[in-house]
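Step one of this worksheet: look at the structure below.
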Amino acid sequence: MNIEWQTPSAHSRRSFLKGLGTAAVTTAAAQVEAVAAELEKANAERTVGPGPVPVALKVNGEQLKLLLEPRVTLLDALRNYSSLTGAKEGCDRASCGACTVLLGDLPVYACQKLAVEAQGQEITTVEGLAKQGNLTKVQQAFLEKDALMCGYCTPGFVMSVTALLKQNP
C-alpha cells in the first residue's frame, strides 16, 4: 500500500478560519476605534463645575446673567440669585407645584430643573404674566373668586392654569 501525501491547497479549512479570525479582529478593532472616537468627541463637550459658572437665563423677556454652581436649581436661581420670589419652594420633590414656571409654554417644576439646563429657553414666572400692572384673565379670576387660600402655592396654580389654557383654550 502506497500512501501519497498531498500538499495542502492554498484554500484549506485552516487558512479559511485563520483569515476569518483575522478579518473579525480587524473589523472589531475598527469599530472599537470608531466608538472611541465618538466618545472622545462627546466627552470633548464643555464640562462645567464644580465651581460657579456663568449662566444666562431669559426670564420674563429679560436677560438674567448669574454666576452659579451647576447644581443650583432653577428655583434657587430665581429666588436666591434674583429678585423673583413668586415661585415658591414647597416640597422640593416635584409633588406640590408651588414652584411651577413656564419654559416656553410648558409648565415645569423649577425645583427639579437645573438652572444651567434652562439656558436658551424662555422662562416665565408669575411676575412676568401681568403686563404694565394689568392682570391676566387667570390672575383676575383667582382674585375675583378668592381662590387664594393661604396664597403660598397660588403662583404655581396660576402658572399651571395659564399653561393649561394656552394648550386648551
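The values are calculated or read from the model by the stated rules, or taken from the named source; none is laboratory data. It should be emphasised that the depicted structure is a prediction, and the values quoted were computed from it without experimental measurement. Neighbour counts are summed over all protein chains in view; Cβ atoms, including those assigned to glycine, are modelled from backbone coordinates with ideal geometry. In case anyone asks, the SASA skips ligands and DNA or RNA and just uses the protein heavy atoms, side chains included. Shrake-Rupley method; radii C 1.70, N 1.55, O 1.52, S 1.80 Å.
Viscosity 1.567 mPa s, temperature 4 °C: give me the Stokes-Einstein translational D for the chain in µm²/s, with Rh taken as the Kirkwood radius over C-alpha pairs.
63
Is there a quick way to get the dipole size of the chain? I mean about its Cα centre, with the Cβ of Lys and Arg at +1 and of Asp and Glu at -1; what is the value in debye to the nearest 20?
200
Straight-line reach from K145: which lysines have Cα under 25 Å away, leaving out those fewer than 8 places along the same chain?
K88, K131, K137, K166
Using the heavy atoms of the protein chains and a 1.4 angstrom probe, tell me the accessible area per residue for the chain in square angstrom. The partial results should precede the final answer.
Values: 11850 Å² over 169 residues.
Per residue, the chain has an accessible area of 70 Å².
Roughly how many percent of the accessible protein surface of the chain is carbon and sulfur, given a 1.4 Å probe and a whole-percent answer?
Solvent-exposed carbon and sulfur of the chain make up 56 percent of the total.
At 0.36 nm per residue, minus the direct Cα-Cα distance, what do A130 and L148 gain on full extension? Give it in nm, one decimal, please.
Going from the current span to full extension adds 4.8 nm.
Specify the angular offset, from 0 to 90 degrees and rounded to the nearest 10, of the alpha carbon long axis of helix 154-167 from the longest principal axis of the alpha carbons in the chain.
60
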